[in-house]
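Input: a single structure, listed below in structure tokens.
The values are calculated or read from the model by the stated rules, or taken from the named source; none is laboratory data. Since the structure is predicted, the reported quantities are computational estimates derived from the model, not experimental observations. Neighbour counts run over all protein chains shown; Cβ positions are idealised from the backbone, glycine included.
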Amino acid sequence: MRILRIALLAALVLPVAGFGAVIALSSPKPPPAMPAMEAAGRTIGGWIQGLPREQTFTARDGQALAYRLYPGAPGAGVAVLVHGSTGFSASMDGLARSLNGQGFTIYSLDLRGHGESGPLGDIRYRGQLEDDMADLLKVIEERHPQEKRLLVGHSLGGAFALRIGAGPLRERFHAYLATSPFLSADPTVSRPGSGGWADAAVPRIIALSLLNGMGISAFDGLAAVAYAVPDDARGKRARIYSHRLLANMSLPRDWRAALGAIKRPAAILIGAEDEMFLASAYSAAVRAANPAIDVTVIPGTDHMGSTVQPEALSRVAETAVRLREAAPAR
């Protein structure tokens, strides 16, 4: 009996110890900076002096969350802009101005965990970003009760926009637009390590996801992914994301089902020269999940092009106008 008890104890302890070792020892390491991202950063840096001042709204937990407001024309709609991984509202200024030129009133966000919206690289719990979006929507609906609302996101922010379009807040926006969205780490749609932009602690992510499946979220604040943030931006941009922030910005693991759940007008644009994702695979992959989502591949455009390159910005603005017209009436 003693031997049996020891065997049973070992059967319980050893897997737990191994599980703990995976969580403890698997950690992400920031990759070297990417020239294309540095070039885009220099363009964005040139916009800083002309940015609208940051304003804040108060989330349900009392945290002040930052955004930039670009007033538009009455009746032309409201667009909420969501930046990509490690970004902040300033990185969407080119897109904000392009859409504002089409009459949209723009709310360009610092998502929680970015810019001036709380500690960098983390949130308090999974689902907090949806709660923050719901709190912002209350503000927008009070200020602009008769306007159509468009949610626009870039890269990982594009994934978050599509996530909203498939989730409980789906009816609160009238249309969805994602530029170069991160669909999945699946090699059928993404390059390894997002082309050198990200180093994900895959064993840790798997272990933490399994724990979450069992209702255990105590370790979700651990680092899950590190990004190739340029040296001159450290301390200003989130270089490392916690597991809960990464999970909350991303589409669910069954991303195809999530895309299939989007019922409002939606569109995806991606540059043909995207360094992170396989642009050539996007049309077929998205069409298989949801034929109603229009996918446009923009020639000669890289990953950040839809936020900084004039021709690509024009294509995005044209698509936003089309979605505004196709969106259901208030």
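Considering only residues in segment 86-131 that are touching a strand residue (DSSP E or B) at 6+ places or on another chain (Cβ under 6 Å) and of a type in the set (S, T, N, Q), the one that is farthest from Ala40 (Cα to Cα) turns out to be Thr105. Residues of segment 190-221 that are touching a residue at least 40 places away in the same chain (Cβ under 8 Å) and in a loop (DSSP other than H, G, I, E, B): Arg191, Trp197, Ala201, Ser217, Phe219, Asp220, Gly221. When residues in segment 79-105 are screened for being farther than 24 Å from Val225 by Cβ and either part of a loop (DSSP other than H, G, I, E, B) or at pLDDT below 95 (or both), 4 of them pass. Mind listing whichever residues of segment 88-107 are closer than 13 Å to Ala317 by Cα, of a type in the set (Gly, Ala, Ser), buried (at least 17 other Cβ atoms within 10 Å of the Cβ) and in contact (Cβ under 8 Å) with a residue 60 or more places away in the chain? Across segment 88-107, the qualifying residues are Gly94, Ser98. One residue stands out among those in segment 131-152 that are of a type in the set (Val, Ile, Thr) and surrounded by 15 or more Cβ atoms within 10 Å (Cβ to Cβ): the one that is farthest from Phe88 (Cα to Cα), which is Ile140. For Ala267, the stated conditions do not hold, so it cannot be described as of a type outside the set (Asp, Glu) and over 27 Å from Ser280 (Cβ atoms).
Residue count for segment 52-78, restricted to those that are assigned to a loop (DSSP other than H, G, I, E, B) and within 20 Å of Arg112 (Cα to Cα): 7. Restricting to segment 109-152, what's the tally of residues that are more than 22 Å from Tyr241 (Cβ to Cβ) and outside any helix (DSSP H, G or I)? Residues flagged as more than 22 Å from Tyr241 (Cβ to Cβ) and outside any helix (DSSP H, G or I) within segment 109-152 amount to 7. Taking (1) touching a Gly at 6+ places or on another chain (Cβ under 6 Å); (2) crowded, with 22+ Cβ neighbours inside 10 Å in turn, Ala159 satisfies each apart from (1).
Table: residues versus (1) among the hydroxyl-bearing types (Ser, Thr, Tyr); (2) surrounded by fewer than 19 Cβ atoms within 10 Å (Cβ to Cβ).
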position	(1), (2)
Lys29	no, yes
Met37	no, no
Glu54	no, yes
Ala59	no, no
Tyr70	yes, no
Ala73	no, yes
Ala76	no, yes
Leu81	no, no
Thr86	yes, no
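When residues in segment 229-245 are screened for being at pLDDT 95 or above and surrounded by fewer than 24 Cβ atoms within 10 Å (Cβ to Cβ), 2 of them pass. Would you call Arg253 surrounded by fewer than 16 Cβ atoms within 10 Å (Cβ to Cβ), closer than 22 Å to Ala326 by Cβ and either among the aromatic types (Phe, Trp, Tyr) or out of contact with any Asp or Glu (no Cβ under 6 Å at 6 or more places or on another chain) (or both)? The answer is no for Arg253. Taking each residue of segment 113-128 that is within 15 Å of Gly87 (Cβ to Cβ) and of a type in the set (A, V, I, L, M, F, W, C) and looking for partners that are at pLDDT 95 or above and part of a loop (DSSP other than H, G, I, E, B) with beta-carbon atoms closer than 7 Å, six or more apart or interchain, yields Leu120/Gly113. Being part of a loop (DSSP other than H, G, I, E, B) and either in contact with a helix residue (DSSP H, G or I) (Cβ under 6 Å, 6 or more places away or on another chain) or of a type in the set (S, T, N, Q) (or both) is the filter here; which residues of segment 240-255 pass it? Passing the criteria: Ser250, Leu251, Pro252. Of all the criteria given as (1) among the hydroxyl-bearing types (Ser, Thr, Tyr); (2) over 30 Å from Gly118 (Cα atoms); (3) out of contact with any helix residue (DSSP H, G or I) (no Cβ under 9 Å at 6 or more places or on another chain), the one not satisfied by Thr301 is (3).
Would segment 287-299 turn up any residue that is in a helix (DSSP H, G or I), within 22 Å of the chain's Cα centre (by Cα) and buried (at least 23 other Cβ atoms within 10 Å of the Cβ)? Looking through segment 287-299, none of the residues is in a helix (DSSP H, G or I), within 22 Å of the chain's Cα centre (by Cα) and buried (at least 23 other Cβ atoms within 10 Å of the Cβ).
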